[in-house]
Amino acid sequence: MMHGQVTRSYRSSGTPTSDQGEVWREVERKLGESDSGSATSYLHKAYEDTETHLRPMLEDLPVPEGACGAVFAFGGKIVGLDLFDRPATLARLWPKLVRAYAIDARMAEGQAAVSAEQVQAWLTSFAQTKEEVFRSAGLGDDVRLNGPQVTAACLRVDDRPVHVEAFAQAV
């Protein structure tokens, strides 16, 4: 949701903004799904309230040794990817990434596995994306990728990807 809003904002005004009302609605959705209540719409409350469910997932999914990124899937579907310029960055952010995906995985239906072939096909679909490059608010460029199976954003500094986050599109 936010990816599309930021991309549209870059196109229209050259700045990365999103619809704050939509952001708050998404926070409320996450709080509701996790049976959390927060008078101030404090998203972290959802993580606190589901910690007993999320902790085993984090313990069962150690950071892949030497990896720079990971594809996340649940409910028989690929949902996203995070890729960094070095393994140390992935290791540092691993708990946050797993928690973010795990809170959504709790609500997913089905336990079907995703095959390596499905992941490879999804990654190959990146070749069909349209690339738009915008000047980042900080260092480098914000590269936006949109295709039939994926939407992604990449922070690129000195022509080198620093972080890529991608989300599967429903096909």
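Values in this text are rule-based calculations from the coordinates and carry no lab data. Quantities reported herein were computed from a predicted structural model and do not represent experimental measurements. Every residue, glycine among them, receives a Cβ derived from its backbone with ideal geometry; neighbour counts consider all protein chains shown.
Sorted by mean Cβ packing within 10 Å, highest first, what order do the peptides 83-94, 115-126 take?
Packing proxy ranking, top to bottom: 83-94, 115-126.
Kindly list the residues of region 137-156 that lie in the label zone of ASP85, defined by a backbone N under 13 Å from the point 7 Å along the Cα-to-C-beta vector.
139-142, 155-156
Taking the Cβ-Cβ separation of ASP60 and ALA113 as r and a Förster radius of 22 Å, what is the calculated FRET efficiency to the nearest 0.05?
0.90
Can you sort LYS130, LYS77 so the residue with the fewest Cβ neighbours within 10 Å comes first?
Ordered from fewest to most neighbouring Cβ atoms within 10 Å, LYS130, LYS77 come out as LYS130, LYS77.
From the phi angles alone, apply the Karplus equation (6.51, -1.76, 1.60; θ = phi - 60°) to region 93-99 and give each ³J(HN,Hα) in whole Hz, x where the residue is Gly or Pro.
Taking θ as phi minus 60°, the curve returns 8, 3, x, 5, 5, 4, 4 Hz for region 93-99.
For the peptides 138-150, 59-71, what is the packing order when you average, over each peptide's residues, the other Cβ atoms within 10 Å and list the highest mean first?
138-150, 59-71
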